[in-house]
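A short write-up of the structure that comes next.
The numbers here are math on the coordinates, done by the rules we state, and not lab data. Here the structure is a predicted model, which means the values were calculated and not measured. Neighbour counts run over all protein chains shown; Cβ positions are idealised from the backbone, glycine included.
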Amino acid sequence: MIPQQQCEEDRQALLDSTRQLLDRQRIQADAERAGYFCPDLSSEDSYAGSLAVYREALARMLGWPLSEPQVAGSATCRLIGDDELGRIFRVVTHVTPEQNGYGLLFLPNSPGRNPLVMALHGGEGSPELAAGILDGHTANYNAMIRGLRARKIAVFSPQLLVWGNGLKPCFDQYLLDREFRHLGGSRVAWDLRQLQCSFQWLTGHSEIDPDRMAITGLSYGGFYSLYFGALEPRLRAVACSCFVNDRHRYNWEDWVWTGSARRFLDSEVARMVCPRPLFLEAGAEDKVFDVSGFSKPASEVAETYRRLGIPDRCRIRIHPGAHEYDPDGEVENFLLSWL
């Protein structure tokens, strides 16, 4: 008989050697990623022009349906209410023949074409929660939507496939992601395709200025804002709250794709927003993503803007709060200054 202690020691040795292998591979992946992502820094225009190949590669990595050719966006829109800040519409976006997405469109009463911000909720959230239109409570979103509306900015807030916290119907977002991956795609790719279709429809709306559109979001919404900002160069400005961090540490199931550490982590995706204005923030008291992992990727992004001679277009900050959006209106001010 083999002693039980010997079996445990052998399994421990196997586990230890596997971890050592992964540690070495992570170091190698960091070097490969630095060699892979090399946009042209010779000028602002050259940098922007050199990003097309990376956008295509990012879409391929995320998979179906984002990797398929984009179709013209279409939607149906109906008025569902109004308040002292303007009108509220429910928008159903036609993403595929079988699939629709939905969101809320908030339009001010001011005439003409208005600047618009796409405002994305986080995990376990919804556009209704972020806007505070059900019971006035906005959780950790603070004034993400209401603050923009008060300044006569149009806002579009879609429902992403990441709700929970008692919202019905109940579903498992990670199981749904695995079902997409079996088919060569990802749940994230579907959400980003929904954003593409919504954006395309919004650019043709008679009350929206297609040249003054931005995106922002908290947590999962910050993730989607960053990725969609990287993929859609027509967005004028991007803000990402409480997402950017050490992705080796926070490698959640739906934020990992085969080989992604060798091509695109948070720093690379954020630098695909450049040379457009970008705001990155983290919370000093964040209990979801430790703020210690924010500084390295954020400083890499800031250095790219500095090297291009446009440091004023990049704002990096750690606010004193928790896992929450823009507690003092700095993100809002930044976006509006560029819109």
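Picking from residues in region 293-336 that are touching a residue at least 40 places away in the same chain (Cβ under 8 Å) and hydroxyl-bearing (Ser, Thr, Tyr), the one that is nearest to Leu265 (Cα to Cα) is Thr304.
Just one of (1) out of contact with any Lys or Arg (no Cβ under 7 Å at 6 or more places or on another chain); (2) free of Cβ contacts under 8 Å to residues at least 40 places away in the same chain fails for Tyr250. It is (2). The set of residues from region 69-93 being of a type outside the set (A, V, I, L, M, F, W, C), in a loop (DSSP other than H, G, I, E, B) and in contact (Cβ under 8 Å) with a residue 24 or more places away in the chain comprises Gln70, Gly73.
Pick out the one residue from Leu218, Leu226 that is surrounded by 16 or more Cβ atoms within 10 Å (Cβ to Cβ), without any contact (Cβ under 8 Å) to a residue 60 or more places away in the chain and aliphatic (A, V, I, L, M).
Working: Leu218 fails: without any contact (Cβ under 8 Å) to a residue 60 or more places away in the chain.
The conditions single out Leu226.
Within region 42-67, if we keep just the residues that are assigned to a helix (DSSP H, G or I) and among the aromatic types (Phe, Trp, Tyr), the residue that is surrounded by the most Cβ atoms within 10 Å (Cβ to Cβ) turns out to be Tyr54.
Among the candidates Gly293, Gly309, single out the residue that is over 22 Å from Ala143 (Cβ atoms), small (Gly, Ala, Ser) and under 18 Å from the mean Cα position of the chain (by Cα). I'd like the intermediate steps shown before the answer.
Details: Gly309 fails: under 18 Å from the mean Cα position of the chain (by Cα).
Just one listed residue meets the conditions, Gly293.
Considering (1) at positive phi; (2) crowded, with 22+ Cβ neighbours inside 10 Å; (3) of a type in the set (Lys, Arg), the lone condition that Lys152 does not fulfil carries the number (2).
With respect to the conditions (1) over 25 Å from His205 (Cα atoms); (2) free of Cβ contacts under 8 Å to residues at least 60 places away in the same chain, Ala154 falls short on a single one, namely (1). For region 189-227, a residue qualifies if it is touching a strand residue (DSSP E or B) at 6+ places or on another chain (Cβ under 6 Å) and of a type in the set (Lys, Arg), and exactly one does: Arg212.
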